Amino acid sequence: MAKVLVGLSGGVDSSAAAALLIEQGHEVTGAFMKNWINAEGLPGDCPWERDLDDALAVARKLGIEFRVIDLIDQYKARIVDYLVEGYRSGVTPNPDVWCNREMKFGVFLDYALEQGFERVATGHYARRRDLATGQAAILKGADPNKDQSYFLSLMTQRQASHAWFPVGELLKPAVREVARRHDLPTAGKKDSQGICFIGEIKMRDFIRHYIPDSPGDIVDASGKKLGRHDGLHLYTLGQRKGHGVASPRDGMAYVVVAKDLENNRLILGWDEASTPGLYSNRSVIGTLSTLNEPFDLARRIEVLPRYRAKPEPCRLVPIDGDRVELHFDKPQRALALGQIAAFYEGGRLLGGGVFQEIG
Ligand SMILES: Nc1ncnc2c1ncn2[C@@H]1O[C@H](COP(=O)(O)OP(=O)(O)OP(=O)(O)O)[C@@H](O)[C@H]1O
C-alpha cells in the first residue's frame, strides 16, 4: 500500500485513476491544481471552475480527502512564459509536454513528496514498469487510440520513479466503466480539448493576447506576392489552412514552407515532396532527456516527431552534452522548430528532445 496524491482534473480519466487506486488498497488523496484562471478575460470558455466542482464531487463520492493547490504563479513562469516566448521567437512550442515535466511531475510532485506522499498518479494513458535495474520505465498506453506517452517524453527517471498511471493499462471504454461502477459524476463527461489547462481558449486568441499582430507579405519561393499575413508567429510550417491564399492548382494546396523572419515574409509552396524546405530527413535535437540510460546508439530506434504521428525509424549521432543529430530513414514533412521528438524502442519510451535545427 502506498500514500498517493492523484491529480484530479475533473475529467473521467483521472476520476477513474483515483477509483482504481482505491480498489487496489492504496491510501488516496485527490488534488486539483489551479494553474490558469483566465484572470485576463481572454475570449473563449475556460471551464476551470466547473472542472474544480467536478473534481470535488468525485472526491466526495469516493470518500477521499481533496485539496486545491494554487500553482498560478509557477504555471505563469514555467508554461505561459515559455509558450509566449516560443511563439515570439518564431518556433512552435509544446506546452503539454513541458507541463508534465515542469508542473504535474515538477512542482506538483515536489509538493506531494514534501507532504509525505510516495507517489503522484494521473489519468494519462501510459504504462509504468519496474525494471530489473530498479529503475522505472514508461511504455505506451494499452489503448493505441489514446496513448499519451508522447507527452511524457521529457520526464526524468526521478519523476517516473514516483509516477503512476492507473488507466494506462485499460482501453477507454473500460475506463468509463470504472467511473460508472463507482457512480462518479464524470463517467459520461466528454474529453477535454485545447492546450493544457487553458481549456477551450483557441491558441490563436491566446497568442494574440500576448503578442501584437505584425502584418507582412505572403510570397511564393520566387518572391511573388500572394497575400498578407497577420504575424509570422501565428503560422506553423506545413499549415494548409488559415493563410487565406487559395491554390490555383486543382488538388494541390498551398502550404507554409518557411518563415523569412528578417523580412517578415511568410513563404508558401506546393504541398509536395519536391518543394524545397517542406521535407527533411535530418535535424538537430537539443535538451535531450533520457528516461533510463543514455541512448545506445547502435540500436535501431523510432521517433514520433509530433503527437499522433506514425513512428519513424531513425538513427542518432551525438554532437555534445544534450544535443544529437537525428537522421530519419525517410524524409519527413514539416518538421517544426520547438516541437518535441519522442524516442521509442518498440512500445517503450526512451526519452525526447526539442527540434533545434531542421535540414
Ligand atoms: N488541473 C488539474 N489538476 C490536477 N490534475 C490535473 C489537472 N489537469 C490535468 N491533470 C492530471 O493530468 C492528467 C492528464 O491531463 P490531460 O489534460 O491530458 O487530461 P485528460 O487526458 O483529458 O484526462 P482527464 O479525463 O482526467 O481530464 C489528468 O488525467 C490528471 O490526472
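Throughout, read-outs are computed from the coordinates displayed, never taken from laboratory work. Every value quoted in this text rests on a predicted model; they were computed, and no experiment measured them. Ideal geometry is used to build each Cβ from the backbone, glycine not excepted, and the neighbour counts take in all protein chains shown.
Structure summary
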| read-out | value |
| --- | --- |
| DSSP-loop chymotrypsin sites (Phe, Trp or Tyr not before Pro) across the range 90-167, with at most 10 other Cβ within 10 angstrom | none |
| Calculated FRET efficiency for the pair R333/Q115, C-beta based, R₀ 41 Å, to 0.05 | 0.35 |
| Trypsin sites (Lys or Arg not before Pro) within the range 263-359, DSSP loop, no more than 16 other Cβ atoms inside 10 Å | R299, R300, R308 |
| Contact order normalised by residue count of the range 223-349, Cα under 8 Å, 6+ apart, percent | 22 |
| Extension reserve of the I319-E357 stretch, reckoned as 0.36 nm per residue once the Cα distance is removed | 12.4 nm |
| Contact order relative to length of the range 239-279, as percent, for alpha carbon pairs under 8 angstrom and 6 or more apart | 30 |
| Fully extended contour minus Cα-Cα distance, from M203 to Q157, at 0.36 nm per residue | 13.4 nm |
| Filter on K61/K140; K3/K104; K104/K189; K76/K330; K104/K146 - keep pairs with C-alpha separation over 28 Å | K61/K140; K76/K330 |
| Range in the chain, longest, excluding exposed GluC sites (Glu not before Pro) [loop by DSSP; at most 16 other beta-carbon atoms within 10 Å] | 273-359 |
| DSSP beta bridge pairing in the chain, given as percent antiparallel to the nearest 5 | 70 |
| Beta bridges per DSSP with both ends in the range 3-204, % antiparallel, nearest 5 | 25 |
| The range 279-358 - percent relative contact order, Cα under 8 Å, separation 6 or more | 43 |
| Kyte-Doolittle at least -0.5, axis length at least 15 Å by Cα - qualifying DSSP helices, the chain | 12-23, 48-62 |
| Cut-off 20 Å, label 7 Å out along Cα→Cβ of R88, residues of the range 336-358 by amide N | 337-339 |
| Spatially proximal lysines relative to K259 (Cα-Cα < 23 Å; intrachain offsets below 8 disregarded) | K202, K224, K225, K241 |
| Residue-wise HN-Hα coupling along the range 153-158, computed from phi with Karplus coefficients 6.51, -1.76, 1.60 (Hz; x: Gly, Pro) | 6, 9, 6, 8, 4, 4 |
